[in-house]
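Report on one structure; see the data block that follows.
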Amino acid sequence: SRGHRVGEENAILREGFWTRHTHVVPHYRLQTVETRRTVFQRRLDLADVTADTASSATLTRRDATAHDVDSETARALHRTLRERLQSSVERARFR
């Protein structure tokens, strides 16, 4: 019930079984990308990757997060989101 996809214009992160939440995060709205690992995730070589934006959703703690992805995928997702964030910042700077 969890998944993620990074497209050209946005990142899509999905979670939930009974109540599914799908977060569509445009790359130009990204502010930070964060990877976290708990003690239990470290043992299983898993991580959470959060695409943080400046929206009211963060007040309710419904961050756009890819939960429990393996470490290699988490690194690749983090790297890709950071690259998209950087390119959107550069585009905005030269407008």
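Scanning the stretch 22-63 for residues that are modelled with pLDDT under 90, closer than 23 Å to residue 1 by Cβ and assigned to a helix (DSSP H, G or I) yields 57, 58, 60.
Tell me, yes or no, whether the stretch 41-49 has at least one residue that is open to solvent by 20 Å² or more (accessible area, probe 1.4 Å) and in contact (Cβ under 8 Å) with a residue 40 or more places away in the chain. So that I can check it myself, show each step before the final result.
Going through the stretch 41-49, the residues open to solvent by 20 Å² or more (accessible area, probe 1.4 Å) turn out to be 42-46, 48.
From what's left, in contact (Cβ under 8 Å) with a residue 40 or more places away in the chain: none.
Scanning the stretch 41-49, I find no residue that is open to solvent by 20 Å² or more (accessible area, probe 1.4 Å) and in contact (Cβ under 8 Å) with a residue 40 or more places away in the chain, so the answer is no.
Quick check: is even one residue across the stretch 14-32 free of Cβ contacts under 8 Å to residues at least 60 places away in the same chain, of a type in the set (D, E, K, R) and open to solvent by less than 40 Å² (accessible area, probe 1.4 Å)? Within the stretch 14-32, one or more residues are free of Cβ contacts under 8 Å to residues at least 60 places away in the same chain, of a type in the set (D, E, K, R) and open to solvent by less than 40 Å² (accessible area, probe 1.4 Å). The residue list 91, 82, 95, 5 contains one member that is open to solvent by 80 Å² or more (accessible area, probe 1.4 Å) and assigned to a loop (DSSP other than H, G, I, E, B), which is 95.
The values are calculated or read from the model by the stated rules, or taken from the named source; none is laboratory data. Note that the structure is a prediction, hence the values are computed from the model and not measured. Reconstructed Cβ throughout: ideal geometry from the backbone, glycine too, with neighbour counts over all protein chains shown. Note: accessible area is taken over every heavy atom of the protein model, side chains too, but ligands, DNA and RNA are not part of it. Shrake-Rupley method; radii C 1.70, N 1.55, O 1.52, S 1.80 Å.
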